[in-house]
Amino acid sequence: CLLHLWAPAALSAQAADIALEADVEPDDTTPAARTPSSEDDRRARELFVLGDRLYEEGRYEGSVTAFAEAYRLSGRPLLLFNLANAEERLGRLDDAAEHLRAYLPHAPADERAAVTTRIAKPTVRMLI
């Protein structure tokens, strides 16, 4: 069981809207220090929903691609968590840890210890 409100990267479309509408200030970890255009934000939402569906279907490679592109377009740090989840499922533990490190400053305070533990002791998350 993953310790995050998006875990295991499965969200409803409503939750995706909430997550992508969050007011997040860009920083060094965002792909672009700009507010995404409405078109980029719309496309990022579509890619998030696609990535979520692919993750649920066990198609992690496609999920990684969709989440990474959604992050590139929107710069929304919560997407890094989902990206890390999919990378863990593929056994790409170094990539997952890198994305979790980038997500950590944006994680809610009550989740930071769990994220830090995942970075320190990466494991491949198994489906239950």
| query | If you take the residues in the range 76-100 that are under 23 Å from Ser37 (Cα atoms) and open to solvent by 10 Å² or more (accessible area, probe 1.4 Å), which one is farthest from the chain's Cα centre (by Cα)? | reply | Arg76
| If the Cβ limit is 7 Å and pairs must be 6+ apart or interchain, which residue in the range 71-100 that is farther than 10 Å from Pro122 by Cα and without any contact (Cβ under 8 Å) to a residue 12 or more places away in the chain pairs with which residue that is surrounded by 24 or more Cβ atoms within 10 Å (Cβ to Cβ) and acidic (Asp, Glu)? | Asp95/Glu87
| task | Output the number of residues of the range 101-128 satisfying the condition of being open to solvent by 40 Å² or more (accessible area, probe 1.4 Å), more than 18 Å from Gly58 (Cα to Cα) and in contact (Cβ under 8 Å) with a residue 60 or more places away in the chain. | result | 2
| Unique residue being under 14 Å from the mean Cα position of the chain (by Cα), modelled with pLDDT under 95 and assigned to a loop (DSSP other than H, G, I, E, B) when the list is Ala7, Ala16 | Ala7
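The values are calculated or read from the model by the stated rules, or taken from the named source; none is laboratory data. Not measured: the values here are computed from a predicted model. Using ideal geometry, Cβ is built from the backbone for each residue, glycine included, and neighbour counts are taken over all protein chains shown. Just so you know, the surface numbers come from the protein's heavy atoms only, side chains and all, with ligands and any DNA or RNA stripped out. Shrake-Rupley method; radii C 1.70, N 1.55, O 1.52, S 1.80 Å.
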